[in-house]
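Have a look at the structure below, then the notes.
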Amino acid sequence: MRFARPDTTLVLILFSVGLLTHFVGLASPRQVVFDEVHFGKFITAYCCTGERFFDIHPPHAKLLIAGAAWLGGYRGNFAFDHIGQPYEAAIPVAALRSVAAITGTLFPLIMYLLLRQLKVGRTVAAIGGALAVLDNALLIQTRLIALDGVLLCATFGSLACYLASRQTQRVTTWGYLVGAGVLAGLAVGTKFTGLAALALLGVACGVKLLQQKTSAQYLRAVAEGVVILAAASVVYLAGWALHFSLLPLPGPGDAFHVPATLLSPATWSISSFFHETFTLHKIMLAANYNLTAGHPSASPWWSWPFMDTPVFYWTDGPAQIYFVGNPVVWWGATLVFVVAVLVSVVQFGQRRRPVAPILWVPLVGYLIAMIPLVRVPRALFLYHYLTPLYFSLLVGLVWLERYQLRHRWSELHLTRFASGIVIAAVIGWLIISPLTYGTSLGTTAAGQSRAAQLLFWTSTP
């Protein structure tokens, strides 16, 4: 897709701000933070020890992180024993966190470009990109060894590629479709909740199929769906093949499953590979579903839009890190999403006309991403809402674009409105940033008081 100069300028601004907020001080704190204690062990196994482990998530994002860590000089000489454990001087902490930081830098760009694909104007699309780059929750989750940045980029990137395929020439179309499938496969390979990406593409392909009027158009629509599914399948299975090949040695994962036939170049067996993958999937899903342990930072799904329970990640004296979002982003997205849905429902009832395609795509994405989480019985956390949150933001901004067009806002009016939102988001980002970067809030007593005030403010809409 071609972009005019203003698009290029906005993309460069979003990229520069994302790069600055993610990579400055990326190695700080030089201690194990929250789930780094788990993912660090997995990375060590992939890049260095080759010992089998068990995780409830597929391997793809962990493989990317392990590759970046190895390229950055990590050779597995760290145990990841507990949260708060100091990283030794020789450990390339920034390399371990680099994949997450790259995805956090890219995601605001993806949001902006996706909104443009949804026929949203530059100004409102810029609001979407700015809110993503100024969201403290997304920022902290993409400055640590974590998977969510890869999940978000793959999920929303796959949709952007698919929509781009609908607006390009024949040869380029197939390239975008392959890209959509590759990214959807990566989303599923990051977390099983990434199935939302593939499901949304399936719905979009199904709708297009129903719209075709000739047999040639029908066959082309089917072929497009096949290309997406094939590309996703290749990426997903390739990740698992690499997983098995990198973990040939006995390890703690053997307590859950010991491969009956190990893969190597000399004893490659396609049937054994599919059997092992299928068996391990059943064990992973059962383990995920049957997790019953509680957690003080766990929260019910209905509380997520209000950030009722921030997740405690790390502390060192007066310095603390919490997973808590920018209130302007989280509460604002929730408010506009609710308004957009209610207004659309009312208009549908009055005019007997379906919701415009530009709006139903992110709305269906929200439902596909959110509904499965509602039914999960194990403890869930605020960060599980990241994918539904950004689908809700897309819905709200698409509706806002339609609203301002309907009421014929002037460019000056729209620019002032967008500037006000961005300024408010900057203020929110600055207020929450001490809990994002883990910077000291003063003496221990004063710091605890300040942290408590911030958390109370953000969790009490």
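Which helices, counted as full DSSP H runs in the chain, have an axial Cα extent of no less than 18 Å and a Kyte-Doolittle average of 1.0 or above?
Working: long enough: 5-23 (27 Å, 1.13); 98-117 (28 Å, 1.35); 148-165 (25 Å, 1.37); 170-190 (30 Å, 1.09); 195-211 (24 Å, 1.92); 215-246 (46 Å, 1.26); 270-289 (29 Å, 0.44); 327-351 (35 Å, 1.50); 357-374 (26 Å, 2.09); 386-406 (30 Å, 0.70); 411-437 (36 Å, 1.31); 444-458 (21 Å, 0.17).
Helices passing the filter in the chain: 5-23, 98-117, 148-165, 170-190, 195-211, 215-246, 327-351, 357-374, 411-437.
For a quick check: with amide H placed at 1.01 Å from N, whose amide H comes under 5 Å from residue 313's, ignoring anything fewer than 5 positions away on the same chain?
321, 322, 323
Loop by DSSP (not H, G, I, E, B), at most 14 other beta-carbon atoms within 10 Å: where is the longest site-free stretch of the chain for chymotrypsin sites (Phe, Trp or Tyr not before Pro)? Don't jump to the answer; show the numbers that get you there.
Values: sites that count: 3, 268.
So the longest stretch without any such site is 4-267.
With the crude spin-label approximation of a point 7 Å out along Cα→Cβ, what separation in nm comes out for residue 218 versus residue 171?
Computed distance between label sites residue 218 and residue 171 equals 3.1 nm.
What is the dipole size for the chain, taken about its Cα centre, with +1 at each Lys and Arg Cβ and -1 at each Asp and Glu Cβ, in debye to the nearest 20? Before the final figure, lay out the partial values.
On the way: 29 positive and 16 negative charges, 372 e Å.
With Lys and Arg at +1 and Asp and Glu at -1, about 1780 debye.
Taking the Cβ of residue 251 as the center, what net charge do the other residues with Cβ under 10 Å away carry, scoring Lys and Arg +1 and Asp and Glu -1? Please report the intermediate quantities before stating the final value.
On the way: positive: 41, 52; negative: 51, 254.
Residues close to residue 251 contribute a combined charge of 0.
Any of 191/282; 62/119; 62/282 with alpha carbons more than 25 Å apart? Name them for me.
Numbers: 191/282 15 Å; 62/119 35 Å; 62/282 20 Å.
Over 25 Å Cα-Cα: 62/119.
Please get the size of the charge dipole for segment 35-143, origin at its Cα centre, with Cβ charges of +1 on Lys and Arg and -1 on Asp and Glu, quoted in debye to the nearest 20. Before the final figure, lay out each step's value.
Details: 9 positive and 7 negative charges, 106 e Å.
With Lys and Arg at +1 and Asp and Glu at -1, about 520 debye.
May I ask you to derive the FRET efficiency for residue 119 and residue 283 from their Cβ-Cβ distance with R0 = 51 Å, giving the value to the nearest 0.05? Could you put the intermediate results ahead of the total?
Details: r = 44 Å, r/R0 = 0.87.
FRET efficiency, residue 119 to residue 283: 0.70.
Bins of 10 Å, beginning at zero and ending with the bin holding the largest distance: percent of Cα pairs per bin for segment 118-187, please.
With 10 Å bins starting at 0, P(r) equals 20, 37, 35, 9, 0.
Between residue 295 and residue 54, take the C-beta separation as r, use R0 = 22 Å, and let me know the FRET efficiency to the nearest 0.05.
Numbers: r = 19 Å, r/R0 = 0.89.
It comes to 0.70.
Placing +1 on the Cβ of each Lys and Arg and -1 on the Cβ of each Asp and Glu in the chain, which of 431, 255, 152 has its Cα farthest towards the positive end of the resulting dipole?
Highest projection toward the positive end goes to 152.
Where does the chain land at 222 nm, in deg cm²/dmol rounded to the nearest 500, when only DSSP H runs of n ≥ 4 count, each adding -39500 (n - 2.57), divided by all residues? Intermediate results must be reported in sequence, preceding the final value.
Numbers: 17 runs with 296 residues, N = 461.
Here the helix-only value at 222 nm equals -21500 deg cm²/dmol.
Any read-out appearing in this document is the output of simple, stated calculations on the displayed coordinates, not a laboratory observation. In this text, all values refer to a predicted model and were calculated from it rather than measured experimentally. FYI the Cβ positions are ideal-geometry reconstructions off the backbone, even for glycines, and counts take in every protein chain you see.
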